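Worksheet: the structure to be examined is printed underneath.
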Ligand SMILES: [Zn+2]
């Protein structure tokens, strides 16, 4: 197998758009670990995460032509695809679960302990000294509930029994801190 | 400069980029975006890049090689292309060779091994790795990227007889004057230098280790970035390590 120079991801996507299978294979090798860890964190079950991974990369193969570098990095594009698909799945899983929970209190059905558990589990999987691990607990929590659990601002407020305004402030403060970590603090 | 009026939209832009905006606020913001507001578009794009830090906070997890096979089968089916790429065939051959060894171990490692073997007499290293894999006392440890190279990963096959093999992927070539040093560490004793890894331009590399049996069993395996010829003790940052934090 010839050793090829490391190709930048934008070029890889352009080659994938031209249906180049080797470029796709390289792209998969490079990004599947991060997409898979995200899928596992969001969906929790290995089989669901594997199915999702497969769907995401098939979408990459089919829609590489719509990618435009002006609209963001390949990583952001890929993660955006991954999160939207994962959130769709999460919502359908929750609907399914809710239909099994015999309660007329949607909040109770919507907030079984599994989200608490998942937040706990995720802690152990966070890379030490990662951005999330360095956020204050309250900010980390709202960002995780939104980003990994796919909850909206009102759902988070309901779950945490906090005012909506507080949740919004924490989310924005968290994002602002992340910007600081990247050195992209808005002026 | 942004007007204070726009600051109001940008606050929503943060939450929109996170995917958490809902209700009337979401509708209003979508209506605003529909006016092709270039400030908000650029802001959301920048915020999405920032939010990459969130998924990057998770430890990358290599999926089973079967998932890739399934994906490739799908795209081949869609395009009527025959399976002509060498990698899947090779890994299958390897699975046969290694016989009883779990397929999962082999698939990931051998991609790296192929690059590595270009630089060494093939059959010697092939058979050494196969023998290592066959030995039930050989441990197979995952290496996790750390410090300056969070995306790096690898496998460390180790037998306390002192023989081992390291495979790495996604490890960028070291800067000028630096090298990647491989260490084995037994509990409460000094790290032992066992060799150097030179990743190729694709970030893949390997090292076969033939050291002596140590008195204490090794429990940690690490790769550090060192100044060339630093082999007495690690001084540079860890780039790969066998322990999850
Ligand atoms: Zn705007």
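Taking the beta-carbon count within 10 Å as an exposure proxy, list A:171, A:181 from fewest neighbours to most.
Listed from fewest to most nearby Cβ atoms, that is A:181, A:171.
Considering every Cα-Cα pair within segment B:1-52, what fraction, in whole percent, is farther apart than 14 Å?
In whole percent, the share of Cα-Cα pairs in segment B:1-52 beyond 14 Å is 48.
Average partner chain C-beta neighbours within 10 Å, per residue of A:34-47?
Neighbouring Cβ atoms belonging to other protein chains average 4 per residue here.
Taking 7 Å along the Cα-to-C-beta vector as the label spot, tell me the residue B:211-residue A:128 distance in nanometres, rounded to one decimal.
That separation, rounded to one decimal, is 2.0 nm.
According to a simple spin-label model (label point 7 Å from Cα along Cα-to-Cβ), what is the distance in nm between residue B:137 and residue A:62?
5.3
Taking neighbour counts of Cβ atoms within 10 Å as a proxy for exposure, in what order, fewest first, do B:165, B:32 appear?
The fewest-first ordering by Cβ neighbours comes to B:32, B:165.
When Cβ neighbours within 10 Å are restricted to other protein chains, what is their mean count per residue of peptide B:66-73?
Partner Cβ neighbours, averaged per residue: 5.
Rounded to the nearest 0.05, what FRET efficiency do residue B:160 and residue B:69 give with R0 = 41 Å and r taken as the Cβ-Cβ distance? Could you check?
For residue B:160 and residue B:69, the calculated efficiency is 0.75.
Packing-wise, with mean Cβ within 10 Å as the measure, how do B:7-19, A:32-44 rank, highest first? Before the final figure, lay out each step's value.
Working: B:7-19: 19.6, A:32-44: 23.5.
Going by the mean number of other Cβ atoms within 10 Å, highest first, we get A:32-44, B:7-19.
What's the ranking of A:8-16, A:72-80, B:227-235, A:160-168 by average number of surrounding C-beta atoms within 10 Å, highest first?
Result, highest mean first: A:72-80, A:8-16, A:160-168, B:227-235.
Would you mind calculating the gained length between residue B:11 and residue B:235 on full extension (0.36 nm times residue separation, minus the Cα-Cα distance), in nm to one decimal?
76.2 nm
Given the C-alpha atoms of segment B:136-241, compute the convex hull and give its volume per residue in Å³.
89
Taking every residue in A:162-173, how many Cβ atoms of other protein chains lie within 10 Å of its Cβ, on average? Present the calculation step by step, with values, prior to reporting the outcome.
Numbers: counts 0, 0, 3, 0, 0, 2, 7, 1, 0, 6, 7, 1.
Averaged over the peptide's residues, the number is 2.
Mind checking the alpha-carbon convex hull of segment A:1-95 and giving the volume per residue in Å³? Before the final figure, lay out each step's value.
Values: hull volume 9.4 nm³, N = 95.
Given the Cα convex hull of segment A:1-95, per-residue volume reads 99 Å³.
Under the definition of Cα pairs under 8 Å and six or more residues apart, what whole-number percent is the relative contact order of segment B:136-241? Write out the running numbers ahead of the final one.
Working: 270 pairs, mean separation 32.6, N = 106.
Computed over segment B:136-241, the figure is 31 percent.
Each value in this text was obtained by applying a stated rule to the coordinates, not by laboratory testing. Since this is a predicted model, take the numbers as computed values, not measurements. Note: ideal-geometry Cβ built from the backbone for every residue, glycine included; neighbour counts use all protein chains shown.
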